[in-house]
Amino acid sequence: MKILNIKYYTIALFSLLTTSTVCYAQQGNVNINQDQKIDKLLELKKSINKEDSDRYKIQIYSGNRSSAQKAKEKFLSKYTNWNPSMVFETPNYKIWAGNFRTRLEADRALKQIKKNFFGAFIFKPKKKKN
């Protein structure tokens, strides 16, 4: 019985040593085939984002978070034309609406918004520094 165990262990050790020297890691190259129009679209998106910083917005609310959330929900229930967003600027949460190209567009919207949000006003957001 001992002879069988020794033979078994010897064969197992021999096969382990021979297979471990034959194993190789996989190597390969990755080629990405991408349409050239994607780069053009990315550049267009960057230029649009730069243009957005020159637009006007309307601030609806400034204060604590829970009241800001309520003001946002109230705005959404009254107006569907302008998408509101919540922004945190220390120490207040602010609700901004719209993305107007001209001051005239913003004035027209403000006239409607002031019916429900008396403290609303037009402003231009500061440009973000990269």
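A few remarks follow.
- The dipole here belongs to region 52-123: it is taken about the Cα centre, uses +1 on the Cβ of Lys and Arg and -1 on the Cβ of Asp and Glu, and is about 280 debye.
- Ranked list, fewest to most other Cβ atoms within 10 Å of each Cβ, for Glu105, Glu43: Glu43, Glu105
- Once backbone amide H atoms are built at 1.01 Å from N, Phe121 has Gln59 as its partners under 5 Å, excluding neighbours fewer than 5 places away on the same chain.
- Burial ordering of Val87, Val30, fewest other beta-carbon atoms within 10 Å first: Val30, Val87
- Low-density loop positions, trypsin sites (Lys or Arg not before Pro), region 55-130 - DSSP coil, at most 14 other Cβ in 10 Å: Arg101, Lys114, Lys115, Lys126, Lys127, Lys128, Lys129
- Convex hull of Cα atoms in region 52-123, direction-averaged projection (nm²): 4.5 nm²
Each value in this text was obtained by applying a stated rule to the coordinates, not by laboratory testing. Remember, it's a predicted structure, so these values are computed and weren't measured experimentally. Glycine also receives a Cβ, built like all others from the backbone with ideal geometry; neighbour counts cover every protein chain displayed.
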